[in-house]
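To start, the structure under review is shown below, and the notes come after it.
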Amino acid sequence: MVFLLQFTALFTFKHGFFDSGHLGKMVQLWEQFPYTQRNGTHMHTPTPGIQAFAFDFGGVLADFIDPSGMLRLAEVAHVPPEPFKAAWARFRNQLDSDEVTVTEYWSLVLDSCGSSVPRSSAIPRLQQIDTEGFSHMRPFMLRWVEELHASGMVTMMVSNMSTATYHTIVEGQDWTRHFDHLVISGQLGINKPDPRIFEHAVSVSGVPAGSILFFDDMETNVAGAKAAGMKALLVPGTNFGFCIQN
């Protein structure tokens, strides 16, 4: 409970919204998921519960690319923001599963939105802006993960992310030491919400699926985690990650 209230307060402060009804609902949901430290100390109930916490990356651990970032991308492509955003989202799953390379992805995006800019100069710039848009970590979330890890919880990241993006913004970062496992869609060739990526996370965690609590900002991914037997909660108010699932 302490961790949930700390998380909710910090998230609310950071993102400028507060809804006491929603907070109450999150607390009620949280109380369904007692968790147990590895040393056997039960945190808020005598019944065994959550032994592992899993987190999405963009929209949970880090900011999702925001409208200003999307506008910068559209400006590089010399097209209006809306058709660019639609094309950006249309092919994103192919990038995140490593079905296409970074260059192939941006070529698909530019072709789809009718951009005539030279690919050789535009694609490196697009990739740079896009990567920067997902590079803003949320310190309060990282502190929470650090505390969970220090208390003996198994901690994981389960993210839709290309291998190229992983190497650029995740691999070797100091904060990764607080995670026991990093589950990356590009390395598996499987994106959320496919239950198989969650089944892989369960396998590497070493704990039962029902003892893992997963946080994501997309309803489809929360549903995918639940389909794999995990507990899952939706993190609200995170920019426009919904555009990929719609």
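Tabulated values for the structure
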read-out: Count of the range 91-109 residues which are closer than 20 Å to I184 by Cα, surrounded by fewer than 22 Cβ atoms within 10 Å (Cβ to Cβ) and free of Cβ contacts under 8 Å to residues at least 60 places away in the same chain; value: 5
read-out: Residue check, Q128 modelled with pLDDT of 95 or more, surrounded by fewer than 17 Cβ atoms within 10 Å (Cβ to Cβ), closer than 27 Å to R196 by Cα and not aliphatic (A, V, I, L, M); value: no
read-out: Residue in the range 188-196 that is surrounded by fewer than 21 Cβ atoms within 10 Å (Cβ to Cβ), among the hydrophobic types (A, V, I, L, M, F, W, C), under 17 Å from the mean Cα position of the chain (by Cα) and at pLDDT 95 or above present; value: yes
read-out: Residue within the range 95-104 that is assigned to a helix (DSSP H, G or I), small (G, A, S) and not assigned by TED's automatic domain parsing to the domain that holds M161 present; value: no
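The values are calculated or read from the model by the stated rules, or taken from the named source; none is laboratory data. Note that the structure is predicted; figures quoted are calculated from it, not measured. Here Cβ is always computed from backbone atoms with ideal geometry, including for glycine, and neighbour counts include all displayed protein chains.
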